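Each reported figure results from applying straightforward, stated rules to the coordinates on display, with no laboratory input. In this text the structure is predicted, and so the values were computed from the model without any measurement. Note that each Cβ is placed from the backbone with ideal geometry, even for glycine, and that neighbours are counted across all protein chains shown.
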Amino acid sequence: MARPARVRTAWLSAEIADRPETVRDEPAGEPLYQAVRGLGAADVDEPESFARELSDRLDPVLRAEALRVTREAVHAGLLAPARARTLLVRLTGSIAGEPAADTAAADLAAAALRELSEPWAALDPLPREHLYRLLENGPGATVSAVADAAIAAAAHHGHPDVLRDVAADQSWPPVLRRRALELLGDLASRDDVHDLVGIAAADPLLLAGPAIRCLRGLHRRGHLPRATTRRRSRTWPSPTTRCPPVRSPPSCSRAGVRRSRS
């Protein structure tokens, strides 16, 4: 007698919770999806191993569950932030290494990058090469979602050079260039004002607004531009210089007034 589907799902969930490597041998499909969705990070003995096994499957549903388990584990204190960060970097790196990312994979990579932009994951900056690889990943419409998340991650992880390259490169989509220049206001210093204005001057219709918001960010952080011109000082007469006496006209003197009355 065949077991009901609900019982088979419960048995599979219990087996995966006990041995996360069971995910390798199970065929992708609704029974496996339901069994994995029924497990939380607190339901397995080794959430890190569970998330790794899920992310190794070339299946967008299972990879999304790997992201969920990792997020739950780190926020519940079941997984150290450094180890959770390694899992997410590994997940985004595997997607970036694929020759063509579909919409589901691009959305997953963007979600993982947004999680990597959280304060718990930004203590150790991501490598620039990893961000550049994600910026260049994906065809056509899918690149914008991943690249936008990569731009935000570059800002949170303190990579102004990545933002500056995107803002100055005309081959990138205009929306990304505007976003990169605006986010530079949180990382640039007063010594970068000349370069930032130069980037905006190359395309003022596109970048004038983001440049103003960028400069406002510098002003808010106290990075005021240095004065490049000096005020002209007025030339005051020397204390030793004698001015000629001022004499009243004769008609204004008292004697002149008396003579005019008489």
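State to the nearest 20 debye the size of the charge dipole of segment 159-222 about its Cα centre, where the only charges are +1 on K and R beta carbons and -1 on D and E beta carbons.
That gives a dipole near 340 debye.
Considering all alpha-carbon pairs of segment 159-222, what whole percent are spaced by more than 19 angstrom? Provide the component values of the computation, followed by the final result.
Working: 319 of 2016 pairs.
The proportion of pairs with Cα distances above 19 Å equals 16 percent.
Which residues in segment 30-47 place their backbone N less than 20 Å from a point set 7 Å from the Cα of Ala104 along the Cα-to-Cβ direction?
From segment 30-47, the list is 30-39.
Order 112-122, 27-37 from most to least packed using the mean count of other Cβ atoms within 10 Å.
Top of the packing list down: 112-122, 27-37.
From the phi angles alone, apply the Karplus equation (6.51, -1.76, 1.60; θ = phi - 60°) to segment 32-42 and give each ³J(HN,Hα) in whole Hz, x where the residue is Gly or Pro.
Values per residue, Gly and Pro as x: 5, 4, 5, 5, 6, 5, x, 10, x, 4, 7 Hz.
Convert each backbone phi in segment 15-20 into a coupling constant with the Karplus relation 6.51 cos²θ - 1.76 cosθ + 1.60 (shift: θ = phi - 60°), then list the ³J(HN,Hα) values in order as whole Hz, x for Gly and Pro.
5, 5, 4, 7, 9, x
List the pair-distance distribution P(r) of segment 1-63, using every Cα-Cα distance, as the percent of pairs falling in each 5 Å bin from 0 up to the bin containing the longest distance, rounded to whole percents.
Calculated over all Cα pairs of segment 1-63, the distribution is 4, 19, 33, 26, 13, 4, 2, 0 percent.
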